[in-house]
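Report on the structure given below.
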Amino acid sequence: MAIGDITLTSAMRANLVSLQSTEQLLGRTQERLATGKRVNSAIDNPTNFFAARSHTQRADLLNGLKDNISEAIQTVKAADNGVTGINRLIEAIRGVLTQARSSLNSTTSATELAGLTTQYNELIRQLNNTQNDANYKGVNFLAGTTVTLTVNFNEQATSQLIMSGFSGTASGLAISGGSQTGAGTITSANLGTATNLDNIESTLNTALATMRTQSGTLAANLAILSTRQQFITDMVNTLAEGATKLTVADTNEEGANMLLLQTRQQLGTTALSLSAQANAAVLRLF
């Protein structure tokens, strides 16, 4: 039956329209109280809705970048662990040279030098092993200058840090008797004279200087990554706060609205009932 087939009094229709409006407002208020937002769709407020969604989407992108930065930080830390280990091994090799100097005037120098040569070459092996193991997820900054890692700091990839590696093998550090992999190639003869020992120690000093330089580079990169990671964390919080302020509902206000609307609904129902009773009173005239 069409609406036009039913004739309502003007008072009843006015009360009915008022009740329908109140019902809509009640539904909206209930949604705001349930979600905690006054803008839940573009219908509520197109400008605020799309602005808030833009903030949220950018925050999600930045969170992804932050995860990549975290992985880059771990890669740098792995390289720094390798540098620390290699430095200790170089110092251990210097200890072998100190013993070799003491044995030069010893009556058992040949036997001692043979043992020291074995120690030296084994330390070279362990140095190379340490270099090889200083990787994180397949990236090893001690594996050569061809190793690079690019870390983006914004969603357009216009702000970034490009990090390069270096050769941390005994051969790459130009240590006497060093090799690219495996044990060293030093012989007892190489440890048999003070001049040879001085030359070997010179290469160790150069290697330590190289490691200090590379350690400084790693530290600088780590500082940059940590700073940008914190910056992104702060930016994500700012974007989230901005999105919230554009859409958040005042629960106190909405609670008051709910009480008012419930009261209005009850009054509207009563008014509609009174209108119906007034219409029914006409029947009593017959």
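Tell me, yes or no, whether the range 183-203 has at least one residue that is assigned by TED's automatic domain parsing to the domain that holds THR111, modelled with pLDDT under 95 and more than 24 Å from THR98 (Cα to Cα).
No, that holds for no residue.
Take ASN121 and tell me if it is over 30 Å from ALA59 (Cβ atoms) and not in a helix (DSSP H, G or I).
Numbers: over 30 Å from ALA59 (Cβ atoms): yes; not in a helix (DSSP H, G or I): no.
Considered against the rule, which asks whether it is over 30 Å from ALA59 (Cβ atoms) and not in a helix (DSSP H, G or I), ASN121 comes out as no.
Could you tell me which numbered condition ALA134 fails, if it satisfies all but one of (1) touching a Phe, Trp or Tyr at 6+ places or on another chain (Cβ under 9 Å); (2) farther than 30 Å from GLN230 by Cβ?
Unmet for ALA134, out of (1) touching a Phe, Trp or Tyr at 6+ places or on another chain (Cβ under 9 Å); (2) farther than 30 Å from GLN230 by Cβ: (2).
Scan (1) more than 29 Å from GLY216 (Cβ to Cβ); (2) without any contact (Cβ under 8 Å) to a residue 12 or more places away in the chain; (3) under 30 Å from the mean Cα position of the chain (by Cα) for the single condition THR56 breaks and write down its number.
(2)
Find the residue count for the range 124-152, including only residues that are in a loop (DSSP other than H, G, I, E, B) and β-branched (Val, Ile, Thr).
3
Go over the candidates ARG13, ARG53, ARG101 one by one and state the one that is at pLDDT 70 or above, assigned to a helix (DSSP H, G or I), outside the structural domain of THR169 (by TED's automatic domain parsing) and surrounded by 13 or more Cβ atoms within 10 Å (Cβ to Cβ). Break it down stepwise before answering.
On the way: ARG53 fails: outside the structural domain of THR169 (by TED's automatic domain parsing); ARG101 fails: outside the structural domain of THR169 (by TED's automatic domain parsing).
Answer to the check: ARG13.
Six or more apart or on different chains, Cβ atoms under 6 Å: show the pairs whose first residue is in the range 112-132 and within 13 Å of THR187 (Cβ to Cβ) and whose second is in a helix (DSSP H, G or I) and acidic (Asp, Glu).
none
Between a residue in the range 63-81 that is surrounded by 15 or more Cβ atoms within 10 Å (Cβ to Cβ) and modelled with pLDDT under 95 and any residue that is of a type in the set (Asp, Glu) and not in a helix (DSSP H, G or I), which pairs come within a Cβ distance under 9 Å, given they are 6 or more apart or on different chains?
LEU65/GLU155
In the range 154-174, which residue that is surrounded by 19 or more Cβ atoms within 10 Å (Cβ to Cβ) and of a type in the set (A, V, I, L, M, F, W, C) is farthest from ALA223 (Cα to Cα)?
My answer is ALA170.
Looking at ASN135, ASN128, can you tell me which residue is in the same structural domain as THR238 (by TED's automatic domain parsing), buried (at least 20 other Cβ atoms within 10 Å of the Cβ), closer than 24 Å to GLN180 by Cα and out of contact with any helix residue (DSSP H, G or I) (no Cβ under 6 Å at 6 or more places or on another chain)? I'd like the intermediate steps shown before the answer.
Details: ASN135 fails: buried (at least 20 other Cβ atoms within 10 Å of the Cβ).
Answer to the check: ASN128.
Just wondering, is there one or more residues in the range 190-208 that are crowded, with 16+ Cβ neighbours inside 10 Å and of a type in the set (Gly, Ala, Ser)?
yes
Identify, by number, the condition in (1) aliphatic (A, V, I, L, M); (2) crowded, with 16+ Cβ neighbours inside 10 Å; (3) part of a helix (DSSP H, G or I) that ALA219 doesn't meet.
(2)
The values are calculated or read from the model by the stated rules, or taken from the named source; none is laboratory data. Just so we're clear, the structure is a prediction, and the values are computed from it rather than from any experiment. In this analysis, Cβ positions are derived from the backbone assuming ideal geometry, glycine residues included, and neighbour counts consider all displayed protein chains.
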